[in-house]
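As structure tokens, the structure follows; a few thoughts come after it.
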Amino acid sequence: MARSRPSPKKTAVASVKRSELTKDSDRATLVHDLHVHQEELHVQNQQLIAAQTALEETRDRFVDLYDFAPNGYLTVDKDALILQINLTGAAFFGRSRDAIVGLPLLAFVARQERGEFLDFMRACRGHRSGPGPVVELAARTADGVRHMQLICRPWKDHAGTREFFMAVLDITDRKLADADREVAAREHAELVGRLLSVQEDERRRIARDIHDHLGQQLTGLRLKLEQLGGDPAAAGLRERILDVHRIAEQLDTHLDFFTGKLRPAALDDLGLVVALSQFVNAWSANFGVLGEFQSSGLDGHRIVPEVETHLYRFCQEALHNVYKHAMARRASVILARRHNQLILIVEDDGRGFDPQAPRKQPQEGGLGLLGMRERAALMGGKVDIESKRGKGTTLFLQVPWSIASPPPRKILNSPRTTKLVR
Ligand SMILES: Nc1ncnc2c1ncn2[C@@H]1O[C@H](COP(=O)(O)OP(=O)(O)OP(=O)(O)O)[C@@H](O)[C@H]1O
Ligand SMILES: [Mg+2]
């Protein structure tokens, strides 16, 4: 059965209705989408605003940190022109930030240290990796001369130009304290030097007095006893006279020993090598420890008298310690010139000790090593102690030859005339 077909007019009306329906739904979808996008944009916008606020806060915090950091910071270009400076840095130089930016950093360096600053900038430009160059300079500031430490860190390339970030540390207080300490150390050294030289003069005077008075009288007494011993009138007293003569001889020997200890005549008359050699022999004979002395590189050279005294006393104290503490069988002393150093070595094969052990209380002694170090410092030298328990001890003293050796004219003029030999 054939179906009846709809009339063309009805079909057209239906089609228009359908298309209107579709348009309505598209529009609704579009409006919905637009709302969604708008919402998304709003959220994104809120997020952007929040991010920007956070960034601004962070930037402000870093600007504050930069400006009010305890140290100065500045940025310079390759010619050390100041591009940026924080407030602490500006306060250090005593000028406003605006007045400083654009000036060369060199203008703030004390005139006599500008060469050093230019070397520092060269090092900054040449620096590639690792910790950056550091320099300490006197700075010209509104308050006068202050002292700064500059620490450089190459920063970045801006269109081919390098920038350098620098920390400016105020080290004025440290420098002043260093200077005070140096003055105090110099004064201390001068005082110790003067005390030792006064002590040495006093010892020399006492030794001379003993020699001139007691020594002469003792020699006279011995002569008289010899004459008396040969006198036939005193034949019955011969044995007793010989006894007294022997005692006088012993007294003479002891007197020699004491004057030698006070101030050895050989040191003034014949120089350090002979004096040390005699001392080591006398020490060895006196204390029953095998002692040997060697010297090298000093033939024909004289040494500054004060240095000779310091070296002699150093050796005396070192051998005294060997006798007192080491229980050694053998001790050796070496005096040598090696290149530009004068070296004194005192070595023993005794029981050794721990050189790092804490020092004794002053009332317990323990001044010997301290005195040796002080003498070394006065000569511009240094002492090394090598010692281990049961392995002996070596004292190693080095003195710059330039200090030990007098300038040529001084040798000719130096009076070494005190005579104590009887
Ligand atoms: N050659 C040595 N062998 C072993 N021990 C030593 C030697 N030299 C020094 N010492 C040790 O080092 C310590 C410090 O020596 P130092 O000469 O300073 O003081 P001291 O001899 O005890 O007293 P002082 O020298 O004031 O009379 C000694 O007490 C001793 O223990
Ligand atoms: Mg001692």
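Determine the gain in length on full extension of the stretch Ala69-Ala185; use 0.36 nm per residue of separation and subtract their C-alpha separation, reporting nm with one decimal.
Values: separation 116, 0.36 × 116 = 41.76 nm, distance 3.55 nm.
Taking Ala69 through Ala185 to full extension adds about 38.2 nm, to one decimal.
Using amide H atoms built 1.01 Å from N in the peptide plane, name the residues 5+ places from Leu298, or on other chains, whose amide H lies under 5 Å from its own.
Arg337
Give me Ser405, Ser295, Ser96 ranked fewest to most by other Cβ atoms within 10 Å of their Cβ, as a rough exposure proxy.
Numbers: Ser405 20, Ser295 17, Ser96 11.
If I rank by nearby Cβ atoms, fewest first, I get Ser96, Ser295, Ser405.
What are the ³J(HN,Hα) values, in whole Hz, obtained from phi via the Karplus relation 6.51 cos²θ - 1.76 cosθ + 1.60 with θ = phi - 60°, for each residue of region 39-50 in sequence order, with x given for Gly and Pro?
4, 4, 4, 4, 4, 4, 4, 4, 5, 4, 4, 5
Once amide H atoms are placed 1.01 Å from N in the peptide plane, what residues at a sequence separation of 5 or more from Val109, or on another chain, have their amide H within under 5 Å of its amide H?
Arg140
Enumerate the amide H contacts of Leu342 below 5 Å, restricted to partners 5 or more residues apart or on another chain; note that Pro and chain-start residues carry no placed amide H.
Val399, Trp401
Can you give the percent of C-alpha pairs in region 211-260 whose distance is more than 15 Å?
On the way: 560 of 1225 pairs.
Everything past 15 Å amounts to 46 percent.
Would you mind computing Rg(Cα) / (2.2 N^0.38 Å) for region 294-407, counting N as its residues?
1.08
Which pairs, out of Lys78/Lys175; Lys324/Lys388; Lys261/Lys382, put more than 21 Å between their alpha-carbon atoms?
Values: Lys78/Lys175 29 Å; Lys324/Lys388 17 Å; Lys261/Lys382 25 Å.
Over 21 Å Cα-Cα: Lys78/Lys175; Lys261/Lys382.
May I ask which residue of Val43, Ser402, Gln316 lies farthest towards the positive end of the charge dipole of the chain, with charges of +1 (Lys, Arg) and -1 (Asp, Glu) on Cβ and the Cα centre as origin?
Farthest towards the positive end: Val43.
Would you mind giving the three semi-axes, in whole Å and largest first, of the ellipsoid equivalent to region 73-122 according to its Cα gyration tensor? Don't skip to the answer; put the middle values down first.
Working: eigenvalues 69, 30, 14 Å².
So the equivalent ellipsoid measures 19, 12, 8 Å along its semi-axes.
Assigning unit charges at the beta carbon (Lys, Arg +1; Asp, Glu -1) and nothing else, what dipole magnitude in debye, to the nearest 20, does region 266-422 show about its Cα centre? Walk me through the intermediate numbers first.
Details: 21 positive and 15 negative charges, 19 e Å.
Roughly 100 debye, rounded to the nearest 20.
Relative to the Cα centre, what is the charge dipole magnitude of the chain, using +1 at the beta carbon of each Lys and Arg, -1 at the beta carbon of each Asp and Glu, and rounding to the nearest 20 debye? The partial results should precede the final answer.
On the way: 60 positive and 55 negative charges, 279 e Å.
So the magnitude is around 1340 debye.
Report the charge-dipole magnitude of region 195-263 in Debye, nearest 20, computed about the Cα centre from +1 at each Lys and Arg Cβ and -1 at each Asp and Glu Cβ.
So the dipole magnitude of region 195-263 works out to roughly 60 debye.
Unpartnered cysteines of the chain (Cβ-Cβ under 4.7 Å counts as a partner)?
Lacking a cysteine Cβ partner under 4.7 Å: Cys315.
With every atom except the alpha carbons ignored, what do you get for Rg and Dmax of the chain, in angstroms?
Cα-based Rg and Dmax for the chain come out at 45.9, 197 Å.
Taking θ = phi - 60°, what integer Hz values does the Karplus form 6.51 cos²θ - 1.76 cosθ + 1.60 yield along region 209-219, in sequence order, with x for Gly and Pro?
4, 4, 5, 5, 9, 4, x, 4, 5, 5, 4
So what J values fall out for region 299-304 if you push phi through Karplus, 6.51 cos²θ - 1.76 cosθ + 1.60 with θ = phi - 60°, rounded to Hz, Gly and Pro as x?
Listing the rounded values in order: 4, x, 9, 9, 10, 3 Hz.
For the pair Glu239 and His213, how long in nm is the line joining their label points, each one 7 Å along Cα→Cβ?
3.7 nm
Could you tell me how far the Cα centroid of region 20-72 sits from the Cα centroid of region 199-268, in Å?
112 Å
Viscosity 1.567 mPa s, temperature 4 °C: Stokes-Einstein D of region 23-67 from its Kirkwood Cα radius, in µm² per second? Don't skip to the answer; put the middle values down first.
On the way: Rh = 13.1 Å.
My calculation gives 99 µm²/s for D.
If you take the charge dipole of the chain about its Cα centre, with +1 on Lys and Arg Cβ and -1 on Asp and Glu Cβ, which of Gly229, Met372, Thr141 is farthest toward its positive end?
Of the options given, the answer is Thr141.
Grab the DSSP H runs of the chain that are 4 residues or longer, score each as -39,500 (n - 2.57), total them, divide by all residues and round the 222 nm result to the nearest 500 deg cm²/dmol. Walk me through the numbers before you get to the answer.
Details: 13 runs with 221 residues, N = 422.
When only DSSP H runs of four or more count, the value is -17500 deg cm²/dmol.
Rg/Rh for region 1-122 to two decimals, with Rh computed the Kirkwood way over all alpha-carbon pairs.
Values: Rg = 36.7 Å, Rh = 21.6 Å.
Checking Rg against Rh, the ratio lands at 1.69.
So how do 219-232, 26-39, 302-315 stack up, highest first, on mean other-Cβ count within 10 Å? Can you show the working numbers first?
Values: 219-232: 13.1, 26-39: 10.0, 302-315: 21.2.
By packing density, highest mean first, the sequence is 302-315, 219-232, 26-39.
Here, each number is a calculation from the coordinates, and none is a lab measurement. Quick caveat: nothing in here was measured; it's all calculated off a predicted structure. Cβ atoms come from the backbone with ideal geometry, glycine included; neighbour counts cover every protein chain shown.
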